[in-house]
Amino acid sequence: MQFIQIPEGEYELTAIRAQGAGGQNVNKVSSAIHLRFDIKASSLSDWLKERLLNLKDNRINDDGVLIIKAQQYRTQEANKKDAVQRLHEIVSAASIVKPTRYATRPTYGSKQRRLETKSQRGHLKQLRGKIAGE
């Protein structure tokens, strides 16, 4: 996976209060991070912007803004690193182009083996039937 550099000025980090457990501390400390990255206004190449916008990701809204919420860690700095890391992973994953797959036909030998196992299986099932003439 290739690493694509995104300048710090292209995304916006906002501290918010985290959800979930944490006791009294969770209600007074803004340790979670919202990262907002405007895909359309970024310096990425046009084909990469198009690939990001076509992703089936509910974190990308209709305006083309990718929103990542990081609240896994207790400190704001660790959540910032996590959010930026996840942004780089999403962009890097979108930049990978999978090779086109060409349909192939089964070989003659594989067809013969398949038909042979089918006939063996059918013969085995025939032997399970009632015995005639006793």
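The values are calculated or read from the model by the stated rules, or taken from the named source; none is laboratory data. These figures come from a predicted structure and were not determined experimentally. Here the Cβ positions follow ideal geometry from the backbone for every residue, glycine too, while neighbour counts run over all protein chains shown. The accessibility values were calculated without ligands, DNA or RNA, using every heavy atom of the protein model including side chains. Shrake-Rupley method; radii C 1.70, N 1.55, O 1.52, S 1.80 Å.
Structure above, values below:
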quantity	calculated
So residue 55, is it surrounded by 12 or more Cβ atoms within 10 Å (Cβ to Cβ), assigned to a loop (DSSP other than H, G, I, E, B) and either in contact with an Asp or Glu (Cβ under 6 Å, 6 or more places away or on another chain) or without any contact (Cβ under 8 Å) to a residue 40 or more places away in the chain (or both)	yes
So residue 94, is it in contact with a Leu (Cβ under 6 Å, 6 or more places away or on another chain) and either modelled with pLDDT under 90 or open to solvent by 30 Å² or more (accessible area, probe 1.4 Å) (or both)	yes
Some residue of segment 98-118 being under 25 Å from the mean Cα position of the chain (by Cα), basic (Lys, Arg) and at pLDDT 90 or above	yes
Complete set of residues in segment 5-50 that are of a type in the set (A, V, I, L, M, F, W, C), open to solvent by 30 Å² or more (accessible area, probe 1.4 Å) and either touching an Asp or Glu at 6+ places or on another chain (Cβ under 7 Å) or modelled with pLDDT under 75 (or both)	21, 29
